[in-house]
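> Have a look at this one.
The values are calculated or read from the model by the stated rules, or taken from the named source; none is laboratory data. Given the structure is predicted, the values throughout are model-derived calculations rather than measurements. Cβ placement follows ideal geometry from the backbone for every residue including glycine, while neighbour counts extend to all protein chains displayed.
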Amino acid sequence: MKILVAYASKTGTTAKCAKMLAGYLAGADLVDLTKKTPILDKYDLIIIGASIRMGYIHKTAGIFINEHQQQLLSKKIGFFFCNGFSEDMDELIEDNLPDEVAKKAIVIDSFGGELVIEKQKGIDRYVAKMIAKKADEQKAPLPRIYTERIKQFAVKLLA
Ligand SMILES: Cc1cc2nc3c(=O)[nH]c(=O)nc-3n(C[C@H](O)[C@H](O)[C@H](O)COP(=O)(O)O)c2cc1C
């Protein structure tokens, strides 16, 4: 089975998670959607990962999914999000994936996220600082990557 793990990341977390996931999927091709548009024909299983900002997935991933909807519907598919806070997966799915595509997916999950202020630019840095300050005030933990979910995701895909 030919496998593709394609991802779009802004500050590296989704890229890191995509690499981890590909490590569990022997022979999988890893493609950064912000650098290359993969040809989907040759793949049997396609996983798309995207980071979330302000409730929405990385623009490049959103465009790719919309433009390749029909092809994706003819394949085995899975999606993962990298996000720091919202655990409301139903809302994230509804706002970011076409209905049919979401229904066809074998698995959709969040792998958690990271908040690295130094990596943010412009308004993102400002928002990230506010989020970190609020978390500190509320003694809430900062986001982290759920590595165990990445392994489980791969297991579900290959079952
Ligand atoms: C400006 C900004 C907005 C964010 N918005 C959300 C959000 O709406 N929901 C959420 O769960 N996480 C949000 N996050 C957390 C990111 O999803 C998290 O930092 C993620 O690891 C980023 O992945 P990336 O490095 O691949 O871009 C936001 C982070 C920043 C800096």
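> Scan region 144-154 residue by residue and report those that are in contact (Cβ under 8 Å) with a residue 60 or more places away in the chain and out of contact with any Cys (no Cβ under 9 Å at 6 or more places or on another chain).
Within region 144-154, 151, 153, 154 meet the criteria.
> Give the residue, chosen from 92, 115, that is out of contact with any helix residue (DSSP H, G or I) (no Cβ under 8 Å at 6 or more places or on another chain) and either within 9 Å of the ligand (Cβ to nearest atom) or at pLDDT below 95 (or both).
None of the others qualify; the one that does is 92.
> Now a separate question. Output the residues belonging to region 124-157 that are modelled with pLDDT under 95, in a helix (DSSP H, G or I) and more than 15 Å from the ligand (Cβ to nearest atom).
136, 137
> Among the residues of region 47-63, how many are more than 11 Å from the ligand (Cβ to nearest atom) and buried (at least 21 other Cβ atoms within 10 Å of the Cβ)?
Summing the residues that are more than 11 Å from the ligand (Cβ to nearest atom) and buried (at least 21 other Cβ atoms within 10 Å of the Cβ) in region 47-63 gives 2.
> Among what's in region 103-134 and is in contact (Cβ under 8 Å) with a residue 12 or more places away in the chain and of a type in the set (Gly, Ala, Ser), pick the residue that is surrounded by the fewest Cβ atoms within 10 Å (Cβ to Cβ).
Checking each candidate, the answer is 132.
> From the list 30, 73, which one is over 10 Å from the mean Cα position of the chain (by Cα), touching a residue at least 12 places away in the same chain (Cβ under 8 Å) and surrounded by 16 or more Cβ atoms within 10 Å (Cβ to Cβ)?
30
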